[in-house]
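Undergrad: Below you'll find the structure I mean.
The values are calculated or read from the model by the stated rules, or taken from the named source; none is laboratory data. None of these values were measured; they are calculated from a predicted model. Backbone-built Cβ (ideal geometry, glycine too); neighbour counts: all protein chains shown.
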């Protein structure tokens, strides 16, 4: 698997770039960066777009899926969050419904639904960062609740709606899934949208900053 995320500490602890570089032992950006320096801005932008298209198709998404689940920590781990599918600009995840996720009235807690949706959008954003950004933060979110669930499993599908230089907008749909009746049609629980602020690498001592090759990422 090729390296594709900045080699800094991230929401996954050890960065995905560091983990993937241990697998591949290489980076693809040194030569390409030099070549772009001799191109016009329009040619360089076109080259970057074409390069990213190729990188997206070459990624080992199966290995990335396993890596994401291995690195789940904190609140997502406590709730039982699991990534089921990942690709550029889209992520599917699930969460088992258990008593600790219900509100005092016995119904699914709204915070559970929002946390699931925001986490899915966050992981999707993290693996879809543009080259000059290394991390992100949720700065705005909204949700519309359409139903509830008491048992079974929650499934969320998140997709990239807008990809900008400094922000991304992600949409998500949360659905209930009856584990005892797999053929039963999933019910929509909530619709969700959030805005992610894309963060640049912090300046600091040279030894703490990523190398030139590590500052690039596939968007």
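Undergrad: Taking the condition of being surrounded by 15 or more Cβ atoms within 10 Å (Cβ to Cβ) and either touching a residue at least 60 places away in the same chain (Cβ under 8 Å) or under 21 Å from residue 194 (Cα atoms) (or both), how many residues in segment 69-89 meet it?
TA: 10
Undergrad: Something else now. From the list 17, 52, exactly one residue is closer than 19 Å to residue 135 by Cα, buried (at least 17 other Cβ atoms within 10 Å of the Cβ), in contact with a helix residue (DSSP H, G or I) (Cβ under 8 Å, 6 or more places away or on another chain) and modelled with pLDDT under 70. Which is it? If you could, list the steps in order and put the result at the bottom.
TA: Working: 52 fails: in contact with a helix residue (DSSP H, G or I) (Cβ under 8 Å, 6 or more places away or on another chain).
It is 17.
Table: residues versus (1) closer than 24 Å to residue 80 by Cα; (2) modelled with pLDDT of 90 or more.
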residue: 131; (1), (2): no, no
residue: 143; (1), (2): yes, yes
residue: 147; (1), (2): yes, yes
residue: 153; (1), (2): yes, yes
residue: 184; (1), (2): yes, no
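Undergrad: Also: Has segment 197-208 got any residue that is modelled with pLDDT of 65 or more, crowded, with 16+ Cβ neighbours inside 10 Å, in contact with a strand residue (DSSP E or B) (Cβ under 7 Å, 6 or more places away or on another chain) and closer than 30 Å to residue 108 by Cα?
TA: Looking through segment 197-208, none of the residues is modelled with pLDDT of 65 or more, crowded, with 16+ Cβ neighbours inside 10 Å, in contact with a strand residue (DSSP E or B) (Cβ under 7 Å, 6 or more places away or on another chain) and closer than 30 Å to residue 108 by Cα.
Undergrad: Just to be sure I understand, how many residues within segment 93-110 are out of contact with any helix residue (DSSP H, G or I) (no Cβ under 9 Å at 6 or more places or on another chain) and without any contact (Cβ under 8 Å) to a residue 12 or more places away in the chain?
TA: Here the count works out to 3.
Undergrad: Of all the strands (runs of 3 or more DSSP E) wholly in segment 64-153, which have at least 3 residues that are on the phi > 0 side of the Ramachandran plot?
TA: Values: elements: 82-87, 90-96, 135-145.
In segment 64-153, no matching strands (runs of 3 or more DSSP E) lie anywhere.
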